[in-house]
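A short write-up of the structure that comes next.
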Amino acid sequence: MMGKSHLIISTGVTLSVMSLLGHDITIPVIAVAGLSSLLPDIDEPNSLLVRKAIPEFLLRGLQIALIGAAIYFYFAGVAPSPWNIVLSLLVGSVSFLPGRRLRHLVMLLIALGLFAFGDAYDPWNYIAACVLAISALVPHRGLTHTLYGVVGWSALLYFSSLGMVDGDSLWIAGGMSYALHLLADSLTRHGITPLPPLPFKLRLKLMSTGTKKGGAVESLCIMLTLALVVYVFVLSS
Ligand SMILES: [Zn+2]
């Protein structure tokens, strides 16, 4: 299923249900629900989140800067020989990592930085750092489409938002939106494997991406979501 459909369905249903349950729909709640609706697909190479995390031109610029730094470290005597050679080899070899590897390395470094120096934005720095670290470390089509993913993400939000005024709303919004993404994916031909290594697959085959029927079911889900949103936020308020 496409990211756009996930964004609409997961976020729309989550916010409607939460509003019906009496939670305040604040900007952070909307942001967490939206992010969580796309988060499971972070391990897809073409995922919106991963592609947007560090644009290609920035990576190229960084590569050139690193090569420059390697040359500088070699000649400028920053460290005594042979350490200048070691240092410049290290920096230089990082610059030759292919785009994906380099991207992951940079994401990990940013995550480390957020952990170490982002206290002022607690808990958002920890949440952002974990998202970056997870997307850099989780293998392709990895653990994100499992119940462990739902539990892990909910727990992360829960512990990050302990003590916040609307902390409960945050982890419920995130967990629900994430779970709805998996539910929507379980309707597709690919399905999900919720509890690996158990081979049990959740696959209802209602939506085969690319087919007419699949497209119709997807559109229907989006329309039902929009109807729910209108009902909750327009008609009954
Ligand atoms: Zn997915």
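A short reminder: the numbers here are calculations on the coordinates, not readings from a lab. Computed from a predicted model, the values in this text were never measured in an experiment. Ideal geometry is used to build each Cβ from the backbone, glycine not excepted, and the neighbour counts take in all protein chains shown.
Of the chymotrypsin sites (Phe, Trp or Tyr not before Pro) found in the range 143-237, those in coil by DSSP whose Cβ has at most 14 other Cβ atoms within 10 Å are F200. Taking each pair of different alpha-carbon atoms in the chain once, compute 1/r for the pair, average those values, and report the inverse of that mean as the Kirkwood hydrodynamic radius in Å to one decimal. Averaging 1/r across every pair of different Cα atoms and inverting gives 20.0 Å. For the range 54-139, relative contact order (Cα pairs under 8 Å, six or more residues apart, normalised by length) works out to 24 percent.
Summarising the label geometry, the points placed 7 Å from Cα in the beta-carbon direction at L235 and E44 lie 3.1 nm from one another. Note on the chain: Lys pairs 8 or more places apart or on different chains, Cα atoms under 25 Å apart, count 8.
Against the chain, whose longest principal axis comes from its Cα atoms, helix 147-160 is set at around 70 degrees.
Sequence-distant contacts, meaning Cα pairs under 8 Å at least 6 residues apart, place the relative contact order of the chain at 26 percent. For the pair the range 181-237 and the range 110-157, the centres of their Cα atoms are 25 angstrom apart. Computed over the chain, the per-residue total of -39500 (n - 2.57) for DSSP H runs of n ≥ 4 gives a 222 nm mean residue ellipticity of -21500 deg cm²/dmol, rounded to 500. In the range 54-139, one over the average inverse separation of all distinct C-alpha pairs is 14.2 Å, which is the Kirkwood hydrodynamic radius.
Taking the inverse of the mean 1/r over every pair of distinct Cα atoms in the range 1-41 gives a Kirkwood hydrodynamic radius of 10.3 Å. Converting phi to 3J(HN,Hα) with the Karplus coefficients 6.51, -1.76 and 1.60 and the offset θ = phi - 60°, the range 94-100 yields 4, 5, 9, 4, x, x, 5 Hz in sequence order, with x at every glycine or proline. Here, the range 119-208 yields an orientationally averaged convex hull projection of 6.6 nm² when only Cα atoms define the hull.
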